[in-house]
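To keep things clear, I will list the structure first and then write my remarks on it.
The values are calculated or read from the model by the stated rules, or taken from the named source; none is laboratory data. These numbers were taken from a predicted model, which means no experiment stands behind them. When we count neighbours, we look across all protein chains shown, and the Cβ atoms used for this are built from the backbone with ideal geometry, even at glycine.
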Amino acid sequence: MIYKQILTLSCGFAGFALCIGAATAQNFPTRAVRAIVPYAPGGSTDVVMRILAPRMSEILGQQVVVENRPGGSSTIGLDLAAKAQPDGHTMGIANITFCANPSLFKKMPFDSEKDLLPVSLFSIVTLVLSVHPSVPAKTVKDLIALAKHSPGTMNYASAGNVSANHLATERFSSVTGIKLTHVPYKGGGPAVIALLSGETALLFATIPSAIQHFATGKLRPLGVSSLKRSVALPNVPSIAEAGVPGFEATEWNGGLVPAGTPRAAIDRLYQAVAKSAAIAEVHDRIITLGAEPVASTPEDFGAFIRREFGVWAKIIREVGIRVE
């Protein structure tokens, strides 16, 4: 009898707790939402979040505050997000590096596949394979032939180890069978400057950082990294159509919340992203970055992330990328 009374009482408390949890989720958010960007201000991940934040604030009825926590190949900021209270009031902003890190680091401060839940993909950022004018390559096929003729003698720039341009170039090298030498810089700006000066031969640059230099002839675009041509560079073929079928290596960014966050809170955040991205002003500003606004469901974003984990695990294993 006592056992039954305890069981009944326990069930009662459990039901009460579930009701409280549901009510809390329905009222979400009850305070400001932290959007932790694991990079310094100014990069594409930071800029896209700062474009979305004001509109998301209006839709949610609470301020969305962007907080930059750079370092550790994005692990510092995302670790803060993973260990935050799972109530939806903290969201980590991930990009391509998030899916590469588990294959690069022997020890991670959090479990990338279990400790964070997907909210929504925000945007896909197209990169453009760019070369210095002194490089005697006018097409993607020319560049591949040149690199195969002199393996390892051609340098490529990146914004740093495990940056999008680093990973995209390694993927390009892997599928084409060429060997290039990596020269990492401290950010996208210095990487572009190095290419402009001829210090390096090529760079998978973000479109906004390089498009002005294409117009002046200071850099030459050979192909974009998306499967289709970019609206921003309609006369530049995709690398896939220029001789490397199926090639795709795009930067992306999206929101993640701590495991255990109520589904109702996740849905509210997703809806705020989707509604914000649909606003013409927001959509157009993201397009000017050379990015494509994408507001995917949590399920679709989760499937996307799982594919990315597999893609980068394979490339990192095959190419032997190491983090110093």
Taking V311, is it in the same structural domain as G71 (by TED's automatic domain parsing) and within 30 Å of D87 (Cα to Cα)?
-> no
Residue in segment 192-227 that is farthest from the chain's Cα centre (by Cα), counting only those that are hydroxyl-bearing (S, T, Y) and buried (at least 20 other Cβ atoms within 10 Å of the Cβ) = T200
Set G152, G160: member being more than 25 Å from the chain's Cα centre (by Cα) and surrounded by fewer than 24 Cβ atoms within 10 Å (Cβ to Cβ) | G152
Would you be able to tell me the number of residues in segment 227-261 that are hydrophobic (A, V, I, L, M, F, W, C) and part of a strand (DSSP E or B)?
-> 3
Go through segment 265-296 and give me each residue that's surrounded by fewer than 16 Cβ atoms within 10 Å (Cβ to Cβ) and hydroxyl-bearing (S, T, Y).
-> T288
Does segment 263-314 hold any residues that are under 9 Å from S120 (Cα atoms), outside any helix (DSSP H, G or I) and among the hydrophobic types (A, V, I, L, M, F, W, C), and which are they?
-> V294, A295
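Residues that are at pLDDT below 95: find the helices (runs of 4 or more DSSP H) completely inside segment 95-210 holding 2 or more of those.
Answer list for segment 95-210: 96-104, 164-176, 188-197.
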Of all residues in segment 247-274, how many are over 20 Å from the mean Cα position of the chain (by Cα) and not aliphatic (A, V, I, L, M)?
-> 6
Could you please find all residues in segment 69-94 being part of a helix (DSSP H, G or I) and within 10 Å of P38 (Cβ to Cβ)?
-> G72, S73, S74, T75, I76, G77, L78, D79, L80, A81
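In segment 133-150, which residues are of a type outside the set (D, E, K, R) and over 14 Å from P237 (Cα atoms)?
Initial filter on segment 133-150 (of a type outside the set (D, E, K, R)): 133-137, 139-140, 143-147, 149-150.
Result: P133, S134, V135, P136, A137, L143, I144, A145, L146, A147, H149, S150.
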Considering only segment 228-238, state which residues are without any contact (Cβ under 8 Å) to a residue 24 or more places away in the chain and either in contact with a helix residue (DSSP H, G or I) (Cβ under 6 Å, 6 or more places away or on another chain) or surrounded by 15 or more Cβ atoms within 10 Å (Cβ to Cβ) (or both).
-> R229, S238
On the given criteria, is A145 among the small types (G, A, S), under 29 Å from L180 (Cβ atoms) and over 18 Å from the mean Cα position of the chain (by Cα)?
-> yes
